[in-house]
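Worksheet for the structure shown next.
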Amino acid sequence: MKTIPDLVEHALELIRLTSTKLPDDIVSALKSGRKKETTGSAAEATLVTIETNIEMASEMSTPICQDTGTPLFYVKHPWDYPTRMMREAFTSAVQIATEKNYLRPNAVDSVTGKNSGDNTGDHFPAIYFDQWDRDDEIEVRLMLKGGGSENQGAQYSLPYGPLDAGRDMDGVRKVILDQVVNAQGQGCGPAVLGVCIGGDRASGYALAKKQSIRPLEDVNPDPVLADLEKEITEKGNHLGIGPMGFGGETTLLGTKITKAHRVPASFFVSIIYMCWAARQKTMTFKNGEVSYD
Amino acid sequence: MTELRTPISEEAIRALKVGDIVSINGTAVTARDAAHKYMVESWIESEPSGEDKELRTTLKPILSGGIIYHCGPVVNQDESGKWHFIAAGPTTSSREEPYEHKVIKAFGVRAVIGKGGMGDKTLAACGEFGAVYLHAVGGAATLIAQNVEEVEAVYKTEFGLPEAFWQIRVKDFQCVVTMDSHGGSLHKDVLSQSRGKYNEMFGG
């Protein structure tokens, strides 16, 4: 069995980078959003504040948002790396990151209400492993998912009577945009939507969540979904909800959609709302080197 | 821009309208889910005794004419034991909707800072008792922490650090009035406009 030297230290750096620096694609999308807003509007002022905050957090190495969220680690690894060793290392890194204030103590016992104080607890942090066919290359993707935006996720079961949304692509459009209206400014828009059409209740949300961290410039290989992504983003922005729900042009920074086969009886549409503080970073171990992106 | 300094008078609140930008100076108290449940259950809907009574007595004069901030900060305690705010943006306010109108009524809170807006009960309490809802930029946590000059006190850390009452002195903390004391709510307006556009899109 193989090991990774200094894995705790590397994971700690991954957490620091994720909490304090936003991915470049999100930063540029926020900047182009700001240019579309009316001069002197609350929407424009909000996006200016957001940009200043992003720069300041990066310089000071402090959290972009105080809700450092649920830490979700997505790991891809060769067959001969033990996952238990990685799980222990990531958990220790999370504890140290909490002491260093890169993370807020965020793990609350759902029955007693007690905060564990170090971001660990039942199924916390969330760590997912996928074995891949590459040798000696490990990819660790970390997402910090804030609670305010997570609360704006939704799962619809089609047909959905209140919107007259049927079991077709038009029904899918209706429910996705309905949730954008429902969310208003509460999930800290402008947002990136991650969507899964189909699957079961659990896989639908899991796949939608992974979509929410696809790079914005990334084009969906399925042309039907690629068109739908574009259409939802355009229509979402036409709703006029704007940054923080103040009204304006920039409601969505992007939409990312996948599909999963479903059983004939079920037709779920699962939607994950990712706030503008879409914190995610990737750490790669290859040829004995570590890199962060 | 209008400056608000605590304790805030009713007159100053009545002069504010949706869309006004305010700059806040003075003392604010953070309170979120656990703190709101506690204030209502232990201070308002029952007669407190012991430590609960003591804390109510301590915070009452600060809440009167004062500010509640919906925020669960990232904090740091230095070697001397003094706390500092590292990151402190607003949390989603709608979760406090069942409680806030009771808190405004009981303590004479003049301003509630948060994000995402609040509902009809809070809006009615703003009108009846002279209060406003102020919107800070969600996620702008490092920036807003720079406006916190000093942590004056902390209470109920057993709720967990994000859920505790943090009594803070703020300077030039800028917010937008999105719910005023005259029944105005930007959140209601944007919701109804965006729902209207949605209905147009789908011929509803």
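Across the stretch A:183-189, rounded Karplus estimates of 3J(HN,Hα) from the backbone phi angles (6.51 cos²θ - 1.76 cosθ + 1.60, θ = phi - 60°) give 5, 6, x, 5, x, 6, x Hz, Gly and Pro being marked x.
Expressed as a whole percent, how much of the Cα-Cα distance distribution for chain A exceeds 25 Å? Across chain A, Cα pairs with separations above 25 Å total 50 percent. Computed from backbone phi, the HN-Hα couplings of the stretch A:150-159 come to 4, 5, 8, x, 8, 10, 9, 10, 8, x Hz, rounded to whole numbers (Karplus: 6.51 cos²θ - 1.76 cosθ + 1.60, θ = phi - 60°; Gly and Pro given as x). As a length-normalised measure over Cα pairs under 8 Å and 6 or more apart, the relative contact order of chain A settles at 25 percent.
The largest-to-smallest principal axis extents of the Cα set in the stretch A:25-65 are 32, 20, 13 Å. Take each residue in A:180-191, count the other chain C-beta atoms within 10 Å of its C-beta, and the mean is 5. With distances taken between every two different alpha-carbon atoms, the stretch B:123-204 has a Kirkwood hydrodynamic radius of 15.9 Å.
Kirkwood analysis of the protein assembly as shown, using all unique Cα-Cα pairs, places the hydrodynamic radius at 23.4 Å. Shielding by partners for peptide A:103-110, expressed as the average number of C-beta atoms from other protein chains within 10 Å of each residue's C-beta, is 4. Multiplying each eigenvalue of the alpha-carbon gyration tensor of the stretch B:35-125 by 5 and taking the square root yields semi-axes of 23, 20, 11 Å, largest first, rounded to whole angstroms.
Take every residue in peptide B:90-97, count the Cβ atoms of other chains within 10 Å of its Cβ, and give the average of those counts.
Neighbouring Cβ atoms belonging to other protein chains average 4 per residue here.
Computed from label points 7 Å out along Cα-Cβ, the spacing between A:E217 and B:E51 is 5.5 nm.
Of B:K17/B:K82; A:K21/B:K115; B:K17/B:K171; A:K209/A:K235; A:K210/B:K82, which pairs sit farther than 31 Å apart, going by alpha carbon to alpha carbon? Please report the intermediate quantities before stating the final value.
Details: B:K17/B:K82 38 Å; A:K21/B:K115 22 Å; B:K17/B:K171 22 Å; A:K209/A:K235 21 Å; A:K210/B:K82 40 Å.
Violating the 31 Å Cα-Cα cut-off are B:K17/B:K82; A:K210/B:K82.
Here the stretch A:190-240 is treated as a sphere whose radius is the Kirkwood value from Cα pairs; by Stokes-Einstein at 10 °C and 1.306 mPa s it diffuses with a coefficient of 134 µm²/s. Let me know the whole percent of all Cα-Cα pairs from the stretch B:41-81 that are separated by more than 10 Å. Above the 10 Å cut-off, the stretch B:41-81 has 78 percent of its Cα pairs. Under 5 Å from the amide H of B:Y69 lie the amide H atoms of B:V29, B:T30, B:A31, B:I113, each residue being 5 or more positions distant or on a separate chain, with H modelled from the backbone and absent for Pro and chain starts.
How compact is the stretch B:1-50 by the rule of thumb for globular proteins, expressed as Cα Rg over 2.2 N^0.38 Å? Present the calculation step by step, with values, prior to reporting the outcome.
Values: Rg = 15.2 Å, N = 50, 2.2 N^0.38 = 9.7 Å.
With N residues counted in the stretch B:1-50, Rg over 2.2 N^0.38 Å equals 1.57.
Calculate for the protein assembly as shown the 222 nm mean residue ellipticity that helices alone would give, adding -39,500 (n - 2.57) per DSSP H run of length 4 or more and normalising by residue count, nearest 500 deg cm²/dmol.
On the way: 15 runs with 176 residues, N = 497.
Roughly -11000 deg cm²/dmol at 222 nm, from the helical runs in the protein assembly as shown.
With only the Cα atoms considered, the stretch A:104-237 has a convex hull volume of 170 Å³ per residue. Each 5 Å bin from zero holds the following percent of Cα-Cα pairs in the stretch A:159-257: 3, 13, 23, 25, 22, 12, 3, 0.
For chain B, the alpha carbon convex hull comes to 125 Å³ per residue, rounded to a whole number. Spin-label model, A:E9/B:S9: points 7 Å from Cα along the beta carbon direction are separated by 6.2 nm. With pairing defined as another cysteine C-beta under 4.7 Å, the cysteines of chain A that fail it are A:C65, A:C196. Taking 7 Å steps out from each Cα toward its Cβ at B:D172 and B:N199 produces label points 4.5 nm apart.
Just in the stretch B:1-92: which GluC sites (Glu not before Pro) are loop by DSSP and have at most 16 other Cβ atoms within 10 Å? Intermediate results must be reported in sequence, preceding the final value.
Numbers: sites: B:E3, B:E10, B:E11, B:E41, B:E45, B:E51, B:E54, B:E79; in loops: B:E45, B:E79.
Answer by residue number: B:E45, B:E79.
Residue-wise HN-Hα couplings along the stretch A:129-144, as the Karplus relation 6.51 cos²θ - 1.76 cosθ + 1.60 with θ = phi - 60° gives them from phi, are 10, 9, 8, 10, 8, 7, 9, 6, 9, 10, 10, 10, 10, 10, 10, 10 Hz; Gly and Pro carry x. In this structure the amide hydrogen of B:D20, modeled in the peptide plane, comes within under 5 Å of the amide hydrogens of B:V177, none closer than 5 places in sequence on its chain.
Bear in mind these aren't lab numbers, they're just calculated from the coordinates by the rules spelled out. For clarity, every value in this text was computed on a predicted model and none was experimentally measured. FYI the Cβ positions are ideal-geometry reconstructions off the backbone, even for glycines, and counts take in every protein chain you see.
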